[in-house]
1. If B:Leu77 meets every condition in (1) farther than 20 Å from A:Leu41 by Cβ; (2) surrounded by fewer than 24 Cβ atoms within 10 Å (Cβ to Cβ); (3) touching a residue at least 40 places away in the same chain (Cβ under 8 Å) apart from one, which number is that one?
2. When you scan region B:20-28, do you find a residue that is without any contact (Cβ under 8 Å) to a residue 12 or more places away in the chain, farther than 24 Å from B:Phe128 by Cα and within 21 Å of the chain's Cα centre (by Cα), even just one?
3. If you check A:Val183 against the conditions, is it in a strand (DSSP E or B) and away from every other protein chain (no Cβ under 13 Å)?
4. All but one of (1) more than 7 Å from chain A (Cβ to nearest Cβ); (2) within 16 Å of B:Ser10 (Cβ to Cβ) hold for B:Leu220; which doesn't?
5. Which is hydrophobic (A, V, I, L, M, F, W, C), buried (at least 24 other Cβ atoms within 10 Å of the Cβ), closer than 20 Å to B:Val125 by Cβ and at pLDDT 95 or above, of B:Leu258, B:Leu291?
6. On the basis of being at negative phi, within 10 Å of chain B (Cβ to nearest Cβ), in a helix (DSSP H, G or I) and touching a Ser or Thr at 6+ places or on another chain (Cβ under 9 Å), does A:Ala73 make the cut?
7. Here are some residues: A:Leu203, A:Leu208, A:Leu156. Which one is modelled with pLDDT under 85 and farther than 30 Å from B:Ile15 by Cα?
8. Being closer than 26 Å to B:Ile6 by Cβ and either within 12 Å of chain B (Cβ to nearest Cβ) or surrounded by fewer than 18 Cβ atoms within 10 Å (Cβ to Cβ) (or both) is the filter here; which residues of region A:6-17 pass it?
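The values are calculated or read from the model by the stated rules, or taken from the named source; none is laboratory data. Not measured: the values here are computed from a predicted model. We place every Cβ from the backbone using ideal geometry, glycine too, and count neighbours over all the protein chains shown.
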Amino acid sequence: MAATVLRWIETLLLGAIGVFMLALPNSEIYWRFLNPKYSWLTLIAGALVTFLALCNAFDRRWPKISELLGLMAFLFLAGAAAALPNPYYDAGPSSSATFGSAEADLPHMTESRLTLDGEEYVKINLAELLIKEKNNALQAGDRYAFQGSVTRTPELDGAGFVAVSRLLIACCFADAVGVSYFVRVNNPGEFETGQWVRASGVLVPDNLDMNKTAISMQGAISTLTSKSFVLDSVQASIAPSDIPFIFVVRDSEPYAY
Amino acid sequence: MQDLAIFATSATAIILEAAPFLLLGSLLGAIIEVYVSEAALLRVLPNRALGQITVGLFAGMLLPTCECGIVPVARKLLLKGTPPRVAIPYMMAAPVVNPVVIGSTIFAFQGEIAPVAFRLLLVVVPAFAMGLVLGDLNSSVLLRRTPAALQPLNSAHGHAHTHDHACGCGCCSQVHEANKLKSVIFHTTAEFLSMSRFLILGAIVAAGFKTYLPSGVLELFTSNGFLAIAGLMLLAVLLSICSEADAFVAASFAGFPLAAKVGFMAIGPMVDLKLIPMFYSVFHRRLATALVVVPTVTILFMAMVLHMTNWVDRTMGGLW
């Protein structure tokens, strides 16, 4: 009797996990955990786990308590991850301050570029920009537009900069690496850490005498910043982003942005 | 509360990422258990010891498996009479010596071959050493559960212990001869459930380190090459990142010598918080301890030699 009860509990727990893994790729929150390119893998695994759960009801094996506890722990963690406010997409400030040109026109956007005051800016994400720098493909005067969340420190405030950062995720949230760029602004005090910003500007040589490793991001093992350049901003606006993480990195236009 | 959210998300992500590979490993192990005979396995192996070890080291190129699913496969191979000099090197090397991980490492290091080559070297050497030492020892010496053939016969089924689909007794192919498919399903489920508790435990601990480790702790290790190597190796064990993704993380460690990044990438797939409890659950204590200590010491030593002799450029490699 006890074995039958335990087996049914195990079946239900395993079935719940299978259904969760089936539903997650079809939901709007898959990207919070894994790179979306692996959604097919999670879907297949979820189908298999659900199938195994159904078959488990007919197995005469005596379930182990430690196995049941493990399944419960996972379901609890998954529920907590979905329910608790996450600093990257649930708790950010929502003001709409801008910096740079106070009365700039809305930018004209094509797929890979945007135009401000007659100048073209290449839309790129922070990881792609840092890789171009690593490959010596950047020079002062290049015009780029990128987006990310604002990070402020007293040092940066004093120098008239904010850091714009994002998380680069290759496979899952657990392997996230921070990527960051310093952006010169008129008044850092207009921004709050965590605001989502879209910045456009010109690359200038980095003459900041500052410890860039002080920039850290929650959930990131390390954070990379530019060694050679900062962005002298022209215009930008703060707006909410659908997905704050970088999952795609391209080596030519149109960049993933 | 935000830290809790990061912690829960990290742990869940690790488990979701590893689960398909653990399923695959459990399924492969079950198929080997039910469908593959000992004679068939031995037929495909070379006769000489060196040839067998080589097969074990490079079998991952044909049968790539993440470290999350490799332990069940290795256990089934041993129970089927595969010499330990094949099964153990396969278990240690396959998570790295496979096309997927080689490709991801090349991509993470922007096409540079040195990180890939040294990573493979640092993995192959301890795996080869373990294969050489273990030779063709009987699996009863290595595995915690004794196979039925080595136990006293005192039951109708010919073995003394309670019949359990995850018991590894090897008897299932006879008991369920008429319904091997059902046997594969039950074996897969049992193995998956058995290993998943270690995966979940390891993921929880790894997510805890990742979330609550002070952000500046890495800076403590950059001042000295040897500290950098030991520090990153310890971090690899604590973070338990999947072998397909750890190259991207290693590449991001600005200021660390390449020998330290290579050490990070070599030790992680062989020893981490998910694997250690699996080792102690499946293997005898001495072998489990050796599976932790031998790669750690070997990789640490080799990485330090690489660093001291400056065989690698101390500043090349990676995103930065």
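1. (2)
2. yes
3. So A:Val183 passes the test.
4. (2)
5. B:Leu291 is the lone residue from the list that is hydrophobic (A, V, I, L, M, F, W, C), buried (at least 24 other Cβ atoms within 10 Å of the Cβ), closer than 20 Å to B:Val125 by Cβ and at pLDDT 95 or above.
6. Here the answer is no, as A:Ala73 does not meet what is asked.
7. Values: A:Leu203 fails: modelled with pLDDT under 85; A:Leu156 fails: modelled with pLDDT under 85.
Answer to the selection: A:Leu208.
8. Listed by number, the residues that qualify are A:Leu13, A:Ile17.
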